[in-house]
1. Kindly give Rg over Rh for the stretch B:125-255, based on alpha-carbon atoms, with the Kirkwood expression for the hydrodynamic radius.
2. Given 4 °C and 1.567 mPa s, how large is the Stokes-Einstein diffusion coefficient of chain B in µm²/s, with Rh as the Kirkwood radius over Cα pairs?
3. Which order, highest average first, do B:333-342, A:147-156 follow once you tally other Cβ atoms within 10 Å for each residue and take the mean per peptide?
4. Which whole-number value in Å³ per residue fits the convex hull of the alpha carbons of the stretch B:167-237?
5. Cα atoms only, the stretch B:84-124: Rg and Dmax in Å?
6. So if I take the alpha carbon set of the protein assembly as shown, get Rg, then get Rh from the Kirkwood formula, what is the Rg over Rh ratio?
7. Across the Cα atoms of the stretch B:223-376, what radius of gyration and what greatest pairwise Cα-Cα distance (Dmax) are found, in Å?
8. Does anyone have the angle between helix B:107-116 and the longest principal axis of chain B? Alpha-carbon axes, 0 to 90°, nearest 10?
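Derivation of every value follows stated rules applied to the coordinates shown; laboratory data play no part. The model shown is predicted, which means the values in this text are computed figures rather than measured ones. Glycine gets a Cβ as well: all are built from the backbone with ideal geometry, and neighbour counts include every protein chain shown.
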């Protein structure tokens, strides 16, 4: 048992980490290089940069984004209400009157719950593995540096939140008809792995855990290694591709000026394509 | 080949398949382009060529890697809201093309297919694509709700482009485009120049009756600032809109003109082919250059405006800015050159945002400010602006009469509900496609309202100094 755990924590983990880091670096390179190439090829270089950046950062904090959209809509409606002379709510207008109604309608059913669940899942998944004291002690052992750790209570709380969020997301995937139709094996498997990792890590040294510490830790480390290994080859690559993605749509709409003719030439050997 | 051998060949043919020839005699059919090779190879060839020469490869490569299948796009899609069929979920629709990309254009996908025994794209898949991608109205509303930034509108456009390269194009769009690009009249409604002149003369007479002063539609005036490209169908259907345009230009001393080489803003290329998109945009630019114009001036039309915004992509030399007539009118209103009577338009009025100009947030507030300047009783739809719902005729579907029922009962249902909820008497739809669709929706659902253009109402309210 001990030996197995050592192998998984040592060489296997290093290998998985190397694959993850190098793989993600490769993805990022492909993304950034592709974006640069696309930008160079585009004849029209006038991109809506502010919109694109706003999207990148806006979606990082979906709560802020949503509230801003509420306020923008509410603000416009409030303005029109005032111009019509119908605004009797004064300062509270955008908050009490149209704001609620407007916000409710515009975003009704547009995945507000999903946004919230997903946000807190990400919070836990990013913060806990990086700043947990036990993980940092391992880092100290191997590279000799130990950054300040997360308070244990907060770490525990975040772990539970993450598990609950992952379970809820699975439930939501099964319960929502659209998500159920779209979901592939990967979508369930990744959430399930996150669940296993967090649950085993949380329960390893608890007195109520029926499985031995080593046994639980083997599950924990094995699942963790596997997730790291899979990172560059699954949708988890959005860890690095996320900002590039927000740019990709706008860049896709820009192309070289003679792209259409080149395509026609390649497909039918005629530059002037018969229509 | 001399006559004798030719005869022999014909005899041979008759010997081999007399029934075939009989059948051809009985049932003549029209075939525009001879299919070369089998469909699957042609599809992949076309796809490969497009990926090679454009920037779509970068975009869909990114999108195919991270698609998260959360289903948020479904909540945004008016078509899915009406049908509830899984094939109308934007993400599901996009996966048709993304799967082909993954399977045939990436190493990962190829390896996976080898392991799982996936034979790749079939003719049924292509049929399904041809069906499903024309169920999307390309309104791009889902793009605003995708956490990963997948632009399903772009994927729909790309899929249609690939299909068009293997000659799968809706007939209505093909016929109109052929007339515009290769035909004599060079516009989608096949209006010849004399008929155009007649129409303009008639409109000028109408304006004379209305205001008592001559308001001109200047034709082929060199050195005009604004070269006008409305949706050409407006000359047949929307006289009031054009008269509104002329009245605004007259009242603001706008130096504008209509060119007789190209007077059509419609560009179906935006819906299915970048090749057509480029050719039509170049025609507009050429006409503007020929008349030494400073602006491409687009009439009330959503997709004409967005396709003209592609100008810098296709313009190798000097860039010619694009201005929509609503932007112009708003600009003049702010400057105080355009004066509107505030008490003429008394009906309860609402405004429909055409997706192509509102989705990027470019033309949202300008028309509203114009409306508020002349109408007291303005009510917005919910949601509106950037988040508006498509009228159901986007992406060229409005021109396809065969799918009228689909447009009414599926794609336009959400819009009809929205319009009913406002309780307005007038719906402003400042877009040729939306106008047609909204009018048909009003007929179909028997809504107690009328459709109109923005400039139709400006025409009622405008103050012209004599």
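1. Across the stretch B:125-255, the Cα-based Rg/Rh ratio is 1.12.
2. This corresponds to a translational diffusion coefficient of 54 µm²/s.
3. B:333-342, A:147-156
4. About 116 Å³ per residue, rounded to a whole number.
5. 11.6, 35
6. Checking Rg against Rh, the ratio lands at 1.03.
7. Computed over the Cα atoms of the stretch B:223-376, radius of gyration and Dmax are 15.6, 48 Å.
8. Orientation of helix B:107-116: about 50 degrees from the principal axis.
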